[in-house]
1. How shielded is A:320-327 by partner chains, expressed as the average number of their Cβ atoms within 10 Å of its Cβ atoms?
2. Which number do you get for Rg(Cα) / (2.2 N^0.38 Å) in the protein assembly as shown?
3. What does DSSP give for chain A in terms of the percent of beta bridges that are antiparallel, rounded to the nearest 5?
4. Could you work out how far the C-alpha centroid of region B:6-22 sits from that of region B:93-144, in angstrom?
5. Out of all DSSP beta bridges in region A:1-115, what portion is antiparallel? Express it as a percent rounded to 5.
6. Post the alpha-carbon centroid distance, region B:151-208 to region A:155-230, in whole angstrom.
7. From the label point of residue B:263, set 7 Å from Cα along Cα→Cβ, how far away are the matching label points in the other copies, in nm, ordered shortest to longest?
8. May I ask you to report, in nm to one decimal and beginning with the shortest, the distances from residue A:71 to the same position in the other copies, taking label points 7 Å along Cα-to-Cβ?
Protein chains: 2
Amino acid sequence: MDRFNQYVEANADRFVGELISLARQPSIAAQGIGLRETAEMVRARLERLGATARLIEVEGGAPVVFGELGDRGPTLMIYNHYDVQPPEPLHLWTTPAFEPAIRDGKLYARGVADNKGNTMARLQAVEAWLATQGDLPVRLRWVVEGEEEVGSVHLESFVEANEGLLRGADGCLWEAGSRDVAERPMLTCGLKGIMYVELRVRGASRDLHSSTATIVPNPAWRLVWALSTLKDEHDRITIDGYLDHVAPPPSEAVAVAEQIPFDEAALKQSYGIDQFINGVTGREAVYKNLFMPTCTICGLDSGYTGEGSKTVLPSQAMAKVDLRLVPNLLPDLALRLLREHLDRRGFTDIEIIDRGGEPPARSPVDSKVALAARRAAEIVYNQPPVVYPNMSGSGPQYYLCDHLGIPAVSSGCGYSGSNVHAPDENIRLADYFDHIRFMGELIRAFGA
Amino acid sequence: MDRFNQYVEANADRFVGELISLARQPSIAAQGIGLRETAEMVRARLERLGATARLIEVEGGAPVVFGELGDRGPTLMIYNHYDVQPPEPLHLWTTPAFEPAIRDGKLYARGVADNKGNTMARLQAVEAWLATQGDLPVRLRWVVEGEEEVGSVHLESFVEANEGLLRGADGCLWEAGSRDVAERPMLTCGLKGIMYVELRVRGASRDLHSSTATIVPNPAWRLVWALSTLKDEHDRITIDGYLDHVAPPPSEAVAVAEQIPFDEAALKQSYGIDQFINGVTGREAVYKNLFMPTCTICGLDSGYTGEGSKTVLPSQAMAKVDLRLVPNLLPDLALRLLREHLDRRGFTDIEIIDRGGEPPARSPVDSKVALAARRAAEIVYNQPPVVYPNMSGSGPQYYLCDHLGIPAVSSGCGYSGSNVHAPDENIRLADYFDHIRFMGELIRAFGA
C-alpha cells in the first residue's frame, strides 16, 4: 500500500479542500437547511469516482444518496450521513460554524467530525485505491442519509421500500468513531436502542393558589409518584418486566468488554463527580455502561421555576424520559411495558407521548467486516484497536444492518476533543488522513 | 350612609381610574421590580386623604407605607400590601398583566384582586366618609407592606423595630377576601402559616449526553426519590413527625366551620376537576382545607424542557415546595423536621434553601372587629357573611396581630373567578364598589 499512501500524501491539500467545500455547505436537518444541495454534492463526488449514484427520494424527508461501485468480491455497505447538528449557540464558536478554518493542525467546522469528515475520507480512499491499486476487490454500496441528526425518522421506511437494493451486503462500515482519551483507536460493533417519551399530567384547568392543595389534585405530585415507581434509589429500573427482556450479552461481547481500558479517575474528573451511580466501580461500571438499559429523566417541568417563591398549585407537570435499550428490549415493547406499569398502579392519568425510538443493534465482534477493520486499524494506527461490542449511545443501525442480517463495524476520524454536537467541532487533520488509510486497508482486508 | 353611597357612585369613574393607575405600575416583589415607586403612590394617596404618611425603611427589603388618620375612638389597623405576584406565564394572559383592561364589567390586571383593589377601595372609602360623614369615629392606622408575595420576609423585624407605633390597636382589618362561589360574602379570622423551600440537587459539573446515565448520578432522580418520601399517593404527608404537631382546632372554630356552605359541585367545576384529592368529600373536605397542613410541589425544573427530544443527563434539579402550617406547626419546626427526614433517608445531598416562613395565625371569631365586620357585611351584601375561623392561605398576620394581641378579620373585593396568583387575575367592578361601602360601614360599626 505504499503507492496508496504516497497518493494520499501527494493529494493531501486537494483532499482537505474537498472536505472544506463540503463542510462550508450547511445541511441542518433540524432546520431543513441545505439538505438537497448537500446530497447533490455527495452524489457528484461519487460519480467522479466512476460510481453509479442517485438520490432516492423519501416522502416528507431528505433524500438518501445511494451509490455503487465495483463488480467483484464481497459487498461492503458504507453508511454515512450528510446532515449536521444545528450550529447554535453561535457565539461560542471561535470561527463561524460554516466557515471552515484550520488552526494548529485541526479543521474547525460544523460536521467535520460528525459526519462529513468520515464521508469524504472514505470517498477519497476509493479514489486513491483506483489510482494506485487497480480494480476494487470489493463491491461498495453507499447509503448516505440526511436525517441522522433528527433521529433518522424515515430510514426505516427507506429500508422497507428499497430492501432489494440493500439486502445481501456482507458487511457494513458504520458512520463514525474516534480515538479514545489515551489516543487508542476505537471500533464499535453495535449501538443501544432508545425510546424517548414525554410524560404529561394535568390537574385543575388552570394554575391555582397553592392553598387549594388540601383538596385539589397536584399533577406534580402525580408525576413524582409515578416516576418514583420506575427506578429505585439503588438505581434498579423497576418498570414491570423491563429487566426480564434484557438478553445476557454474548460471551464474545463480554470477552472484548473485559479488554476495554477504563481510566476511572480520569472519567470521574472529566464529569466532575466523586463516584459513579450507586457506587458502581471498575469492570462492573464498564459492563453496566455497555450492557444495561437505562431509564433517564432528561427533563422536568411544572409550575413556577423562576427566581424566588411563588405559591402556586400547578395545573400540569411534564417529564422527558429516555430509555436506552439493549437486545431484546425493543422500543415498542419498552413503551408498552411503561404504559402497563403505570396503568397497573393507577397512573392512567399520565399521558405518554412517543417522541421516537430506535431498536438496539448488535453485530458480532468477530464478523468478517469487524475482523477486517481490526486488521486495518492495527496497520494504520500501529496498535490494536479497542473493540467495543456496542456504544452506549444510539443510532439507526438496526434498520440497515440487524434487520437485513448485515454485520456492522464503526470507525472514524474523531478524537476525544472533537466537540461533537457542540461549538468548535473539529478534527485533527492527521486523524483525517489516518481514516483515509484505514479505509484503504479495510478494502484490502475485506476483499482478501 | 346614603350620602356616602351617592358620593361613591358620583366618583365611580375616578375611583376605577385610580385603581387602574396603581395596577399599571408593576410591583413584583419576587423580581424586585417597581416596589419603591408603588410605595410612593400609596403614600401620596394617603396624604391626599389628609393622613400623616411615610415610608418606613426595612433593611434589605421594600419599604412599609405607614399612615395614620383620626383622633378619637377605637383604633383600627388596616393591613394591605402593594406588591404583586410575578405575571408569568405571560402568554396565558388575554391582555397584558400590567395593562389593565375592562371587559364585561371586570377589571383585568395583575394585583387587582391581590391586593391593590382592596388597598385602593379602603382609601377611597375614607375619602367618601370624610366628604359625607365628617370626622372619623375611629383612629385609622395603615400598614401597607411590599413583600407579602415573597413571604413578608422583613415584616417580623419591622414589627420588632416599630412595636411602639403598632401596639394597642383594638382590631385589624386584614388585607383580602372574596365572595364565595354562591356569591356569599366571606369573613376570615385567621390564616395558615407557611414554610417555603427550594430543594436543590447537583450531579455532574455540566449536562452530559444521556448515554452516560448508566454510571453518572442523575440529580433529577435524586429529587424525585426524595420528594416521593414526603407525601404518599393517599395524600398523607409522610414527613417524620409533621402531623404529630397539628393542634386540634378550638370548638368555636369547628362550630363556625360547620356553618360554612360548601357547594362541592360548583367548586369542582370552577377548578375543572372531577373529584377532590384522594376522593375527600363534604364536610371532611371543609375541615381538611381549614385545619390540615399541606406539602405542595409548586415547581419542578431539571434538564431539557423545550420542544421535542434532547438526550441529556441533567447536572441539576430543583423543586419549589410550600408547607402550609396550622397551629402548632411553626415554620422553623417544619424546616427542621424536613431536614431531619431527608437526612434520615440518606438525602444529605439535597440542599434546602429557606425561602421564608410565616407562623399560623388565629383570632377569635367574636372579637369587636369581627363582629363589626359581620354587621357591615350584612348591610352591604344584604345577607349574613360566611365566617371562616381561618383561611387556607397564609400571610404575616401572626407578626402584626397575634404577636401584638390585636384581633383580626379579613374581607375584600375578590370573587371565585378572580384567578389570584394566576393569569387573567381580575375583579368585578361591582364587588369593588361593594368593598368601598363595606369599609364605610365598618368604620361606622367599629366606631359606634
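Values quoted throughout were computed directly from the atomic coordinates according to the rules given, and no laboratory measurement underlies them. Quick caveat, the model's predicted, so the values are computed rather than measured. Note: ideal-geometry Cβ built from the backbone for every residue, glycine included; neighbour counts use all protein chains shown.
1. The mean count of partner-chain Cβ atoms within 10 Å per residue comes to 4.
2. So the Cα radius of gyration is 1.19 times the expected 2.2 N^0.38 Å.
3. Percentage antiparallel, nearest 5: 70.
4. Going from one Cα centre to the other spans 9 Å.
5. The antiparallel fraction comes to roughly 90 percent.
6. 43
7. Output for residue B:263: 7.2 nm, nearest copy listed first.
8. Taking the point 7 Å beyond Cα along Cα→Cβ, the inter-copy spacings are 11.8 nm.
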